[in-house]
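*Asks:* Take a look at the following structure, please.
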Amino acid sequence: MSTTTPEPTTAVGKAADWADTRMGASKLVREFGRKIFPSHWSFMLGEVSLYSFIIVVLTGTYLTFFFYPAMGELHYDGPYVPLQGVEMSQAYQSTLYISFELRGGLLIRQMHHWGALLFVAAVSIHMLRVFFTGAFRRPRELNWLVGVGLLALSWAAGFTGYSLPDDLLSGNGLRIIDGIIKAIPLVGTYISFFLFGGEFPGIDIISRLYTLHIMIIPAAIIALIAIHLIFVVVHKHTQWPQAGNTERNVVGEPVLPTFAAKGGGFFFLVFALIAGLSAFFQINPVWNYGPYDPSPVSAGTQPDWYIGWADGILRIAPGWMEFYIFGWPISMNILVAVIIMVGVLVGMAVWPFFEAWVAKDNREHHVLDRPRNAPTRTAVGVAFVVWYLVMWAGASGDLIAVFFHMSLNDMIYIFRFLFFFGPIIAYIVTKRICLGLQRKDREVALHGRETGRILRLPHGEFIEVHEPLDPHSAWRLVAFDSPEYVPAQADENGKISTAEKWRGRFSKFFFEDRVAPLSKAELEAAHAHNEGHGHHLDSEGNDQDGQGRPLPH
Amino acid sequence: MALAVLLLLGLLLTGGAYAMFTNSASANAQQVSAQDIAEGEKLFVANCATCHGMNAEGSENGPSLIGVGAAAVDFQVGTGRMPLQMHGPQAARKAPQFNEEETAQLAAYVASLAPGPAIPDDEYLDPALGDPAAGGGLFRTNCAMCHNVVGSGGALTRGKYAPSLSGVSERHIYEAMQTGPQNMPKFNDASLTPEEKRDIIAYLDEINTMTAPGGFKLGSLGPVAEGLFIWFFGLGAVIGLTVWLSARAK
């Protein structure tokens, strides 16, 4: 077989050959272009995070050309009448300049802000997808950790940006951060003075946040995104359980041409969406808030949505949680927000290892779990989501109270109750729903789909016609992993360690309630049973004897 | 003879009340007559006395109105808050039950009981004479903590609230500051001079008549409205796109 490549003759061919002989592009294209990506809507949520991040970087770069991250005082003399002559910082003045005087400035600023909100929302919902489908399991635990890091960085990126305009809203937000830092025992005040360059608010914080916001945090995000994507290529993409999908293959579309074209198009759709939102819907109207001044606070002062849950914790935490040790205040009512946020991040990071330990499951998983087929994990996930929602809604208790004519005090009591009991209720309800869905799947796999057609037999008996599933649909319902409860095991010395006892307890918690997948014998028995009764239809919907008459029973 | 004494007494009473009113009311542009006061008293007895008492002395269900002045009546009745629809944490704004004339008569009657803040002069109500930038600063310091920086309103404790300030007339804004209705503190002329009150009116007029520069305002409620919007409409649209892109030809 000849391996000599023919000389290119066309202009494009020559250019491609020139590039290829210098960069080895064809090798890359051959390797990467043949990567397979399964197609499902939920697999595109990570893409949305990436695309909105790119849009935020592009628009943010434009904003850096015109924004002055400085706190020198001046008097506003721009076109916005209600602020003319008002003393303000250069940061706030330049934000107003971008909004009212710079060509396209307001649109870009709104794209930057809407894009940032969408970025964190997409990251969050992408993580939920990964969690509920079990895509974090071996070999993807490290990539899940990278994702947790990206989530935390996206909060940091958002919050530092929220604080930059130096308007009343962002200054109130920083004041809360200052309070949280000062609540840290012993070192809090020192850290606060170090961060703000003296007593809050000082004159340094905006330029310091600016360095974090435009350099350090984005650089860290880009580095982690690169690792994240390399891992995706190394591990290959997960896929849903369906006929033909196994742990050893990936069924889907190749990067070139299909996936790349779709992905590229999708980028522009997301871009168009953010541009459209920004053209029609106002976001963070900084001119409304006025310059930062530590004395006023506006009603309805809230952080952007992704910090909302921390704000909610502060709002619903009771004041008696603050106590004194030898005259030193320990402000647990404030610190609890930090403890919960750090706790949630640690819990997320540990979860894949915890679950593998409990289930004694060290296998590779490339086929996803349908959420119902991992009832305990799904229930824990939903319980967490409800818990998060309660804290999140806690931040908007004042607005909810006004709009629904409730008492603000009652809202706080309701949120305190739901903070503890909401997740428990959600856990129980979700687990029952999952198990119910599993039983329904089992029923459908055994007896086929209910058609709603009732037949009356000659001797008067009524039967309901069931339509058997085609094998492709049946696969999804019967081919899944269902780990069993593994009690604590003794080691080689015949002793059961404390850790193993705990593992046994968790295993019971996870896997005691279980709907086993159908065995082959059950399936065959059911088919024989159905044949015997003959009360199901063939794929055309005709009765089995083809005469339009029901079979004798 | 008895009739003559009664007549004299009546004349003395109405005349005395009139004299008292003309002595105490100074800046009130609208002239009120003894007849207005008498009509106002009739309206008061028929509509207000149940809670405020036959002589406006107050009862378990309503405060005394002696000394609250014409401004308080003009605000409470003119914005429909009084007569009260039902007892609750706070009287809600609703369509006024009395017309301008009846409101003025009620105000005249209450003002005749004792000196109190009068209905403000028009010169303190004209936004064109005020400084919206100065008013914005005063508003953020004195009003925004309850009413929100652009007057969208906000919650207070136990079901009370600071209402939205859009669509409130200049006169009612002034009177609210001056008399502190419902749960609002009073801002008398020593804490906010009439000129400063006019600056606040100018600020509210400016922001309420301005076209939002950035598009639909989403209620000017800040990040909560924006967050809900991005989750429901932004992310909703994104998920719609993903479903569309991953749909298979059938």
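Every read-out reported here was derived from the displayed coordinates using simple, explicitly stated rules and does not represent laboratory data. Source: prediction; values computed, not measured. Neighbour counts run over all protein chains shown; Cβ positions are idealised from the backbone, glycine included.
*Asks:* Let's test the formula: R0 of 30 Å, r as the Cβ-Cβ distance of A:A261 and A:D470. What FRET efficiency results, to the nearest 0.05? Don't skip to the end; give the middle numbers.
*Replies:* On the way: r = 31 Å, r/R0 = 1.04.
Given R0 = 30 Å and the Cβ-Cβ separation, E is 0.45.
*Asks:* Please compute the Kirkwood hydrodynamic radius over chain B, one decimal place, Å, based on all pairs of different Cα atoms. Show your work: numbers first, answer last.
*Replies:* Details: mean 1/r = 0.0479 Å⁻¹.
Averaging 1/r across every pair of different Cα atoms and inverting gives 20.9 Å.
*Asks:* Would you kindly derive the ³J(HN,Hα) couplings of segment A:80-93 from the backbone phi angles with the Karplus curve 6.51 cos²θ - 1.76 cosθ + 1.60 (θ = phi - 60°), listing them in order in whole Hz, with x for Gly and Pro?
*Replies:* 7, 4, x, 10, 4, x, 7, 6, 7, 7, 4, 4, 5, 4
*Asks:* What chymotrypsin sites (Phe, Trp or Tyr not before Pro) does segment A:1-103 have in DSSP loop regions with at most 10 other beta carbons within 10 Å?
*Replies:* Values: sites: A:W18, A:F32, A:W41, A:F43, A:Y51, A:F53, A:Y62, A:F65, A:F66, A:F67, A:Y76, A:Y80, A:Y92, A:Y97, A:F100; in loops: A:F65, A:F66, A:F67, A:Y76, A:Y80.
The qualifying sites are A:F65.
*Asks:* Taking every residue in A:75-87, how many Cβ atoms of other protein chains lie within 10 Å of its Cβ, on average? Mind showing how you got there, number by number?
*Replies:* Values: counts 0, 1, 0, 0, 0, 4, 9, 16, 4, 5, 4, 5, 1.
Mean inter-chain Cβ contacts per residue within 10 Å come to 4.
*Asks:* Residues with amide H under 5 Å of A:I330's amide H, sequence separation 5 or more or different chain, H placed in the peptide plane at 1.01 Å from N; which?
*Replies:* A:F323, A:Y324, A:I325
*Asks:* What is the average number of partner chain Cβ atoms found within 10 Å of a Cβ in A:52-65? Intermediate results must be reported in sequence, preceding the final value.
*Replies:* On the way: counts 2, 0, 0, 0, 0, 0, 0, 0, 0, 0, 0, 0, 0, 0.
The mean count of partner-chain Cβ atoms within 10 Å per residue comes to 0.
*Asks:* Along the charge dipole of the protein assembly as shown, pointing to its positive end and built from +1/-1 on Cβ of Lys, Arg, Asp and Glu, which listed residue (A:W502, A:V350, A:F65) has its Cα farthest out?
*Replies:* Of the options given, the answer is A:W502.
*Asks:* Exposure proxy check: A:F268, A:F404, A:F506, A:F419 ranked by fewest other beta carbons within 10 Å?
*Replies:* Details: A:F268 11, A:F404 8, A:F506 16, A:F419 19.
Listing A:F268, A:F404, A:F506, A:F419 from fewest to most nearby Cβ atoms yields A:F404, A:F268, A:F506, A:F419.
*Asks:* Taking θ = phi - 60°, what integer Hz values does the Karplus form 6.51 cos²θ - 1.76 cosθ + 1.60 yield along segment B:205-220, in sequence order, with x for Gly and Pro?
*Replies:* 4, 4, 6, 7, 9, 6, 6, 5, x, x, x, 4, 7, 6, x, 6
*Asks:* With axes computed from alpha carbons, what is the tilt in degrees of helix B:100-113 against the longest principal axis of chain B, rounded to the nearest 10 within 0 to 90?
*Replies:* Relative to chain B, helix B:100-113 is tipped by roughly 60 degrees.
*Asks:* Dividing the Cα convex hull volume of segment A:330-433 by residue count, how many Å³ per residue is that?
*Replies:* On the way: hull volume 14.6 nm³, N = 104.
Looking at segment A:330-433, the number lands at 140 Å³ per residue.
*Asks:* Under the Kirkwood approximation for Rh and a Cα-based Rg, what ratio Rg/Rh is obtained for segment A:192-270?
*Replies:* 1.28
*Asks:* Follow-up question, since we're still on this one. Starting from the Cα of A:K520, step 7 Å along the direction of its Cβ; do the same at A:L435; then give the gap between the two resulting points in nm.
*Replies:* 3.0 nm
*Asks:* I want to check the label-to-label distance for B:A128 and A:H527. Put each point 7 Å from Cα in the C-beta direction and report it in nm to one decimal.
*Replies:* Taking the simple label geometry, B:A128 and A:H527 are separated by 9.0 nm.
*Asks:* With the calculation restricted to Cα positions, what are the radius of gyration and Dmax of segment A:166-206 in angstrom?
*Replies:* Calculated on Cα positions, Rg and Dmax stand at 9.9, 31 Å.
*Asks:* Based on the Cβ-Cβ distance of A:R175 and A:Q242, what FRET efficiency does E = 1/(1 + (r/R0)^6) give at R0 = 56 Å, to the nearest 0.05? Could the numbers behind the result be given before it?
*Replies:* Working: r = 53 Å, r/R0 = 0.95.
According to the calculation, E is roughly 0.60.
*Asks:* Let me ask something additional. In percent, what relative contact order does segment B:122-220 have, based on Cα pairs under 8 Å that are 6 or more apart in sequence?
*Replies:* Working: 132 pairs, mean separation 40.8, N = 99.
This gives 41 percent for segment B:122-220.
*Asks:* By count of other Cβ within 10 Å, fewest leading, how are B:W231, A:W502 ordered? Before the final figure, lay out each step's value.
*Replies:* Values: B:W231 16, A:W502 13.
If I rank by nearby Cβ atoms, fewest first, I get A:W502, B:W231.
*Asks:* If I stretch the segment between A:V234 and A:A479 completely, what's the gain in nm (0.36 nm per residue apart, minus their alpha carbon distance), one decimal?
*Replies:* Working: separation 245, 0.36 × 245 = 88.20 nm, distance 2.58 nm.
So the extension gain works out to 85.6 nm.
*Asks:* Based on the mean of other beta carbon atoms within 10 Å per residue, what is the order of A:481-491, B:203-213, A:101-111, most packed first? Working shown, then result.
*Replies:* Working: A:481-491: 13.1, B:203-213: 16.7, A:101-111: 18.8.
My ranking of the peptides, most packed first, is A:101-111, B:203-213, A:481-491.
*Asks:* Give me the dipole magnitude in Debye, nearest 20, for chain A about the Cα centre, with unit charges on the beta carbon: positive for Lys and Arg, negative for Asp and Glu.
*Replies:* 880 debye
*Asks:* Cα convex hull of segment B:122-220: mean projected area in nm², to one decimal?
*Replies:* Values: hull surface 25.7 nm².
Mean projected area for segment B:122-220: 6.4 nm², to one decimal.
*Asks:* Sticking with this one: Taking +1 at the Cβ of each Lys and Arg and -1 at the Cβ of each Asp and Glu, which of A:Y289, A:Q90, A:P139 sits farthest along the dipole of segment A:40-369 towards its positive end, judged by Cα position relative to the Cα centre?
*Replies:* Ranked along the dipole, the leading option is A:P139.
*Asks:* Hey, another quick one. Helix-only estimate, please: 222 nm mean residue ellipticity of chain A, summing -39500 (n - 2.57) across DSSP H runs of length 4 or more and dividing by its residues, to the nearest 500. It would help to have the intermediate numbers written out before the result.
*Replies:* Values: 20 runs with 321 residues, N = 553.
So the calculated ellipticity at 222 nm is -19500 deg cm²/dmol.
*Asks:* Compute the distance in nm between two label points, each set 7 Å from the Cα along the Cα-to-Cβ direction, one at B:F233 and one at A:R363.
*Replies:* Once both label points are built, they end up 4.8 nm from each other.
*Asks:* Could you work out the relative contact order of chain A, using alpha carbon pairs under 8 angstrom and six or more residues apart, expressed as a whole percent? Mind dumping the intermediate values first?
*Replies:* Numbers: 712 pairs, mean separation 84.4, N = 553.
For chain A, the relative contact order is 15 percent.
*Asks:* Additional query: Mind checking A:277-283 for the average number of partner chain beta-carbons within 10 Å of each residue's beta-carbon? It would help to have the intermediate numbers written out before the result.
*Replies:* On the way: counts 6, 2, 2, 3, 12, 9, 9.
The mean count of partner-chain Cβ atoms within 10 Å per residue comes to 6.
*Asks:* Continuing with this model, one more query. For a Förster distance of 56 Å, can you work out the FRET efficiency between the beta-carbons of B:A92 and A:D204, rounded to the nearest 0.05?
*Replies:* Working: r = 47 Å, r/R0 = 0.84.
Efficiency computed from Cβ-Cβ geometry: 0.75.
*Asks:* Normalized C-alpha radius of gyration of segment A:40-369, against 2.2 N^0.38 Å? The partial results should precede the final answer.
*Replies:* Details: Rg = 22.5 Å, N = 330, 2.2 N^0.38 = 19.9 Å.
With N residues counted in segment A:40-369, Rg over 2.2 N^0.38 Å equals 1.13.
*Asks:* Using the 2.2 N^0.38 Å rule of thumb for compact globular proteins, work out how segment A:380-456 stacks up: its C-alpha Rg over that value, please.
*Replies:* On the way: Rg = 19.8 Å, N = 77, 2.2 N^0.38 = 11.5 Å.
Compactness ratio reported: 1.73.
*Asks:* Stretch A:R456-A:I425 to full length: gain in nm at 0.36 nm per residue minus the Cα-Cα span?
*Replies:* Numbers: separation 31, 0.36 × 31 = 11.16 nm, distance 4.39 nm.
Value of the extension gain: 6.8 nm.
*Asks:* Moving on to the next point. Using just the Cα positions, wrap the protein assembly as shown in a convex hull and report its mean projected area in square nanometres, one decimal place.
*Replies:* The directionally averaged projection comes out at 58.5 nm².
*Asks:* Under the rule of at least 5 residues apart or a separate chain, name every residue whose amide H is placed under 5 Å from the amide H of A:E253.
*Replies:* Distant-sequence amide H within range of A:E253: A:F37, A:S39.
*Asks:* Can you give me the Cα centroid spacing of segment A:419-483 and segment A:150-181 in angstrom?
*Replies:* First find each Cα centre; the distance between them is then 48 Å.
*Asks:* Which one, B:L165, B:F139, B:G88, is farthest towards the positive end of the dipole of chain B when Lys and Arg carry +1 and Asp and Glu -1 on their Cβ?
*Replies:* Result: B:G88.
*Asks:* Hey, another quick one. May I ask you to compute the full-extension gain from A:A15 to A:T64, defined as 0.36 nm times their residue separation minus their alpha-carbon distance, rounded to one decimal in nm? Numbers along the way, then the final one.
*Replies:* Numbers: separation 49, 0.36 × 49 = 17.64 nm, distance 3.76 nm.
Result for the pair: 13.9 nm of gain on full extension.
*Asks:* Remind me, relative contact order of segment A:40-369 in percent, using alpha carbon pairs under 8 angstrom and six or more residues apart? It would help to have the intermediate numbers written out before the result.
*Replies:* On the way: 388 pairs, mean separation 87.6, N = 330.
So the answer I get is 27 percent.
*Asks:* Based only on other Cβ atoms within 10 Å, what is the fewest-to-most ordering of B:S169, A:S170? List each step's numbers first, then the result.
*Replies:* On the way: B:S169 13, A:S170 25.
Neighbour counts put them in this order, fewest first: B:S169, A:S170.
*Asks:* Once you charge only the Cβ atoms, +1 for Lys and Arg and -1 for Asp and Glu, what is the size of the charge dipole of chain B about its Cα centre, to the nearest 20 debye?
*Replies:* On the way: 14 positive and 23 negative charges, 306 e Å.
Dipole of chain B, to the nearest 20 debye: 1460 debye.
*Asks:* If you don't mind, another one. Measuring from centroid to centroid over Cα atoms, what is the spacing of segment B:120-168 and segment A:79-117 in Å?
*Replies:* Segment B:120-168 and segment A:79-117 have Cα centres spaced 23 Å from each other.
*Asks:* Let me ask something else about it. Each residue of segment A:133-150 in order: what ³J(HN,Hα) in whole Hz does its phi give by Karplus 6.51 cos²θ - 1.76 cosθ + 1.60, θ = phi - 60°, with x for Gly and Pro?
*Replies:* With coefficients 6.51, -1.76 and 1.60, one gets 9, x, 6, 8, 6, 3, x, 9, 4, 5, 5, 4, 4, 4, x, 4, x, 5 Hz.
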